[in-house]
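J.: Could you have a look at this structure, given as structure tokens, before my questions?
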Amino acid sequence: MMRKLLLALLAMAAVQMSGAIKIVAMSDIHAMSEMLVEKSGAAIDKYAASDMRMIKESAEILRTVIGKIIEQCPDIVMISGDLTKDGERLSHEFVASQLECLRAKGIKVLVIPGNHDISNANAKYFNGKERRTAATITREEFRDIYSHFGYGGDVKCDTASLSYAAEPVKGLVVIGIDSNRDEENLLKARGDSVNTYHTAGRIKDATLRWITDQARSARAQGKRVVAMMHHHLIEHFDKEAQLLDKYVVADHENVRNELIGAGVHAILTGHLHLSDIARDYNNGDSITEVATGSLITYPFHYRTITIDAERMSVTTHQLKSIASNPHLLADGKRQVEQAVPGLLNSVLLRLMGKIEKLNKKLSGVMALFGGGENLDLAAQKDKIAATFHRELDDLATKAFIMLYEGNEGQNPQSKVLIEQMNAGIKAVLSSSLPASLGDMVEGFITENAMPMFDTQIRSMLEDRNHCGTPQEVVVDDHTASFKF
């Protein structure tokens, strides 16, 4: 018995001492095949202008980064989903052809699908002023196209999803987790009565059991384990799962605890297009999530990750130009800035709901004082919207840029921006509640509404999750190093 134990320990040590492993991590590359633009014109221009992503430059951006990766010569490249603009077959074939350039140089490549990649009714050709439907792919076709990049050879595959466990380098097991709901998508092009498209993520119960079994098996053999998934596993700021529920995987607390319990302490993700690193704990153990921003969205991040016997170290890189556009950074930043005011309308709708609840609570108070003021939110909608955009459009644009650039808490403008945003939100609330209550409105906003908003804003702009609690975590988004 002692001899067997000694041999097992020696085998584990041999696996663990296989040397440092270098990984390039990318996410949300959203490549669009140039063949989908049959003729330049209003259709593609309008689509590109409405988005934060540099869609028209996406193919060239990918080619450029592939060239840089070949120069760096990593052991593995990992791409955590949204490989294509909208799941077009032509775009998948283009991505696979670029990944073959890496494979030809002896670089292992592992991918997983994102919510954009399979059975997506938004797949289109662009022809002058017109758009028309382009062929997308099924899950089986995804597996076939990427058979050299995680879905072939001696890789272990889950039968209930597109999840897999691969060992691209001796001693390192990568578990690719399929967190998508594309099986629920409907497409008229395939005979369905309507088109539906699911952005949110979940992991099937059977798949979660399979993942944890694979992780435990690898750990029992002394191997390191890294997971990769499209959707966030950890809230990167307070209440992310409530405010942006489509970006955090369903039942995330349970999934996170199961993975920690199975010995998974690091996971690479994407989806939100922010480069941010977050950590969470369970029973004294932890898991660190390295989320990487979209390769085709300012500030054009990708990562290099080094894994040695004890630590994972992350370094962030930025693509600054491509051959056709030496001003890629500036143009990409402008693209984000132009898109923010439109995105704020969805925030405004959420805020309207909160204000409506506040007005209902105040109705009873007003009745006690004999107040008869009309608290109908619809009657104040235009006034609230005007105040909202006047107070917050510019500030929110600055905040978006700060979040996209990462390490927002280290930005010297962060503190000022927090104060300005709090003042702007207070102005919006003050304009939305009945003025006849005078000081009572001011007190209600100060004591009830603003602490909630202040905590939320600080969590985002000071780069903290679990803000203000004993579990508060701050991790360097660009150059983190941690045990795992």
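J.: Filter the range 60-100 down to residues that are open to solvent by 10 Å² or more (accessible area, probe 1.4 Å) and of a type in the set (S, T, N, Q), then give me how many there are.
T.: 4
J.: Also: Restricting attention to the range 452-484, which residues are open to solvent by 20 Å² or more (accessible area, probe 1.4 Å), touching a Cys at 6+ places or on another chain (Cβ under 7 Å) and under 11 Å from E408 (Cβ atoms)?
T.: Hit for the range 452-484 is R458, nothing else.
J.: Somewhere in the range 181-189, is a residue of a type in the set (K, R), part of a helix (DSSP H, G or I) and open to solvent by 70 Å² or more (accessible area, probe 1.4 Å)?
T.: Yes: one or more hits.
J.: For the range 153-176, name all the residues that are in contact with a strand residue (DSSP E or B) (Cβ under 7 Å, 6 or more places away or on another chain) and polar (S, T, N, Q).
T.: If the condition is that a residue be in contact with a strand residue (DSSP E or B) (Cβ under 7 Å, 6 or more places away or on another chain) and polar (S, T, N, Q), then S163 is the only one that fits.
J.: Residues in the range 164-171: is at least one in a loop (DSSP other than H, G, I, E, B) and among the hydroxyl-bearing types (S, T, Y)?
T.: no
J.: Tell me, which residue of the range 119-159 that is open to solvent by 60 Å² or more (accessible area, probe 1.4 Å) and part of a strand (DSSP E or B) is farthest from V174 (Cα to Cα)?
T.: Among them, the one singled out is E130.
J.: Can you tell me which residue within the range 64-118, out of those that are in a loop (DSSP other than H, G, I, E, B) and among the acidic types (D, E), is nearest to the chain's Cα centre (by Cα)?
T.: Among those that are in a loop (DSSP other than H, G, I, E, B) and among the acidic types (D, E), it is D82.
J.: Among (1) under 11 Å from I112 (Cα atoms); (2) open to solvent by 30 Å² or more (accessible area, probe 1.4 Å), where does V169 come up short?
T.: For V169, the exception is condition (1).
J.: Are any residues in the range 406-451 modelled with pLDDT under 75, surrounded by fewer than 18 Cβ atoms within 10 Å (Cβ to Cβ) and not in a helix (DSSP H, G or I), and if so, which ones?
T.: Correct list: G438 only.
J.: I need the full set of residues from the range 223-257 which are outside any loop (DSSP other than H, G, I, E, B), within 26 Å of I21 (Cα to Cα) and touching a helix residue (DSSP H, G or I) at 6+ places or on another chain (Cβ under 6 Å), in order please.
T.: Passing the criteria: only V225.
This table checks each residue for (1) open to solvent by less than 40 Å² (accessible area, probe 1.4 Å); (2) of a type outside the set (S, T, Y); (3) not in a strand (DSSP E or B).
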residue	(1), (2), (3)
I260	yes, yes, yes
V264	yes, yes, yes
D280	yes, yes, no
V290	yes, yes, no
P299	yes, yes, yes
T304	yes, no, no
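J.: Could you please tell me which pairs satisfy a Cβ distance under 7 Å, a separation of 6+ or placement on different chains, a first residue in the range 105-126 that is at positive phi, and a second residue that is open to solvent by 10 Å² or more (accessible area, probe 1.4 Å) and assigned to a strand (DSSP E or B)?
T.: Pairs that qualify, where the first residue is at positive phi and the partner is open to solvent by 10 Å² or more (accessible area, probe 1.4 Å) and assigned to a strand (DSSP E or B), are S119/T136.
J.: Look at the range 20-38 and say how many of its residues are among the hydroxyl-bearing types (S, T, Y) and crowded, with 23+ Cβ neighbours inside 10 Å.
T.: Total meeting the criteria: 1.
The values are calculated or read from the model by the stated rules, or taken from the named source; none is laboratory data. Every value quoted in this text rests on a predicted model; they were computed, and no experiment measured them. FYI the Cβ positions are ideal-geometry reconstructions off the backbone, even for glycines, and counts take in every protein chain you see. Areas reflect the complete protein model, heavy atoms only, side chains present, ligands, DNA and RNA absent. Shrake-Rupley method; radii C 1.70, N 1.55, O 1.52, S 1.80 Å.
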